[in-house]
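Okay, structure first, notes after.
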Amino acid sequence: RIKSYSRKIVRIGILISAVVSAVFILFGRQYYSFFGTDPKFVHYGIISCIIIGAISPVQTCQLIYNGILQGVGDVRFTMIAAIISVTVVNTIVCLIGTVILGYGVWGIWASVCVSQIVRMAMLHIRCGKIIERR
């Protein structure tokens with residue numbers, strides 16, 4: 001039962017997250033136009049909306065897998081995954097993107113994206129193993 005429920009939850013989460021992402025991506029210009037008319041400000045706002053829209057489905061899946069694992073009692077692995085992704089991966093990618101490659105804010109955004117993807121992948125793999133055992 002846990003296998004079918006977890007699949008349904010992930011599908012529902014991805015569907016809702018896709019709608020939220022589409023809103024961010026499609027209406028980013030209108031949203032940022034409320035706060036200023038400077039074309040450069042609006043341009044960077046649109047780019048941030050696109051990045052947030054791209055990260056949203058990954059974060060949604062990550063949170064769902066995290067909840068499933070915590071629900072079956074695997075709290076330690078969720079903590080380890082968070083520590084590895086935030087402390088190690090995020091820091092290394094941020095250092096490479098900002099200091100070594102000189103991308104500035106874009107290096108920070110890249111580190112957030114990579115960190116979220118790594119964490120989701122770790123939780124997804126662990127969730128699959130836990131569910132197969134039950």
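The values are calculated or read from the model by the stated rules, or taken from the named source; none is laboratory data. Everything quoted here is computed from the prediction, not taken from an experiment. As a convention, Cβ positions derive from the backbone with ideal geometry for all residues, glycine included, and neighbour counts pool all protein chains shown. To get the accessible areas, we keep the full protein, side chains included, count just its heavy atoms, and leave off ligands, DNA and RNA. Shrake-Rupley method; radii C 1.70, N 1.55, O 1.52, S 1.80 Å.
Ignoring ligands, DNA and RNA, what percent of the accessible area of the chain is carbon or sulfur (1.4 Å)? Numbers along the way, then the final one.
On the way: 5990 of 8530 Å².
Looking at the chain in its full context, I get 70 percent from C and S.
Got a sec? Which residues in the range 97-127 would a label at T87 touch, if it sits 7 Å along Cα→Cβ and we count backbone N under 17 Å?
115-116, 119
Taking the Cα centre as origin and putting +1 on Lys and Arg beta-carbons and -1 on Asp and Glu beta-carbons, what dipole magnitude results for the chain, to the nearest 20 debye? Mind showing how you got there, number by number?
Numbers: 13 positive and 3 negative charges, 148 e Å.
Approximately 700 debye in magnitude.
For the range 32-37, what does the Karplus curve 6.51 cos²θ - 1.76 cosθ + 1.60, with θ = phi - 60°, yield as ³J(HN,Hα) per residue in whole Hz, taken in order and with x for Gly and Pro?
Computed from phi, the couplings for the range 32-37 are 6, 5, 5, 9, x, 10 Hz.
Per 0.36 nm of contour for each residue apart, how much would the distance between I96 and M79 grow if the chain were fully extended, relative to their Cα-Cα spacing?
Details: separation 17, 0.36 × 17 = 6.12 nm, distance 2.48 nm.
Value of the extension gain: 3.6 nm.
So the label point goes 7 Å from the Cα of I47 along Cα→C-beta, right? Which residues of the range 108-128 then have their backbone N under 13 Å from it?
108-110
Could you give the angle, 0 to 90 degrees to the nearest 10, between helix 105-133's Cα long axis and the longest principal axis of the Cα atoms of the chain?
Long axis of 105-133 versus the principal axis of the chain: about 10 degrees.
Angle, helix 39-71 long axis vs. longest principal axis of the chain, Cα atoms, 0 to 90°, nearest 10?
With rounding to tens, the tilt is 10 degrees.
Amide H of Y103: which non-local residues (sequence gap of 5 or more, or other chain) have their own amide H closer than 5 Å, using H built in the peptide plane?
The list, which skips near neighbours in sequence, is T98.
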